[in-house]
1. For the stretch 83-102, give me each residue that is among the basic types (K, R), surrounded by 12 or more Cβ atoms within 10 Å (Cβ to Cβ) and farther than 13 Å from V164 by Cβ.
2. Out of (1) at positive phi; (2) at pLDDT 90 or above, the odd one out for V164 is which?
3. Within the stretch 113-128, can one find any residue that is under 23 Å from K76 (Cα atoms), part of a helix (DSSP H, G or I) and touching a Cys at 6+ places or on another chain (Cβ under 8 Å)?
4. Of the residues G41, G15, which single one is modelled with pLDDT under 75 and either under 48 Å from the mean Cα position of the chain (by Cα) or among the basic types (K, R) (or both)?
5. Scan G64, G80, G75 and give me the residue that is within 17 Å of A165 (Cβ to Cβ), among the small types (G, A, S) and modelled with pLDDT under 95.
6. Test of understanding: among A190, A183, which residue is surrounded by 10 or more Cβ atoms within 10 Å (Cβ to Cβ), out of contact with any helix residue (DSSP H, G or I) (no Cβ under 9 Å at 6 or more places or on another chain) and closer than 24 Å to E92 by Cβ?
Amino acid sequence: MRPAAFLLFALALAGCRGNKSEEPPVHVFGDMDWQPKYQWGEASPFFEDGRAMRPIVDGTVPVGHLDEDDAYYRGKDAKGEFIGRAPLEVDEKVVRRGQERFNIYCAPCHDMSGSGRGMVVQRGFPPPVELSSDRVRTMPDGQIFDTISHGVRNMPSYRKQIPVADRWAIVTWVRVLGKSQHASIDDVPADKRSAIEPEGDAQ
């Protein structure tokens with residue numbers, strides 16, 4: 001039998017899985033299984049700080065996450081000022097997404113109307129700002145985005161939980177909530193106004 005054929009035959013036998021056995025499997029090449037290595041969090045005398053895991057080099061950027069667009073990723077312009085309007089095209093899909101994400105992440109404190117009387121607040125948590133207040137309505141969109149991203153006072157950061165696009169979608173819904181509490185008949189499309197029941201006429 002030629003050496004090459006014999007080697008293939010031996011490998012085939014080593015890879016066979018017949019009846020169950022209490023014996024450990026055959027390792028033809030075991031060097032990758034038993035190589036010396038450090039596990040996560042282990043110490044190492046090789047490095048001065050004693051850690052086997054090395055910190056990320058300053059300035060390291062994951063592939064696809066350069067995030068150069070300050071307006072989109074940070075809500076600020078080139079001068080570091082908050083941008084006035086969300087840097088994305090706002091359509092019904094974005095608004096509905098914002099409503100959905102708001103109801104998941106924000107309503108527990110702000111409630112679904114944005115009044116700041118969510119279930120968490122009703123159980124003793126300090127009430128947040130009312131989202132239809134003049135204070136919020138006059139904020140730039142970038143500032144609302146920044147608040148969602150980094151938190152403020154009792155509000156935690158949602159930067160890790162909510163993707164950038166969803167944060168901007170929530171900003172659009174916050175604008176809807178603010179507008180809804182200060183709307184007039186002129187804000188309603190003309191063909192829809194007849195469906196509105198004047199205040200005081202409800203039975």
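The values are calculated or read from the model by the stated rules, or taken from the named source; none is laboratory data. It should be emphasised that the depicted structure is a prediction, and the values quoted were computed from it without experimental measurement. Note that each Cβ is placed from the backbone with ideal geometry, even for glycine, and that neighbours are counted across all protein chains shown.
1. R85, R96
2. Status for V164: all satisfied but (1).
3. Scanning the stretch 113-128, I find no residue that is under 23 Å from K76 (Cα atoms), part of a helix (DSSP H, G or I) and touching a Cys at 6+ places or on another chain (Cβ under 8 Å), so the answer is no.
4. Residue meeting the stated conditions: G15.
5. Residue meeting the stated conditions: G64.
6. A183
Yes/no matrix, rows are residues, columns are (1) under 23 Å from E81 (Cβ atoms); (2) within 14 Å of the chain's Cα centre (by Cα); (3) not charged (D, E, K, R):
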site: Y105; (1), (2), (3): no, yes, yes
site: T138; (1), (2), (3): yes, no, yes
site: G142; (1), (2), (3): yes, no, yes
site: H150; (1), (2), (3): yes, yes, yes
site: N154; (1), (2), (3): no, no, yes
site: A165; (1), (2), (3): yes, yes, yes
site: D191; (1), (2), (3): no, no, no
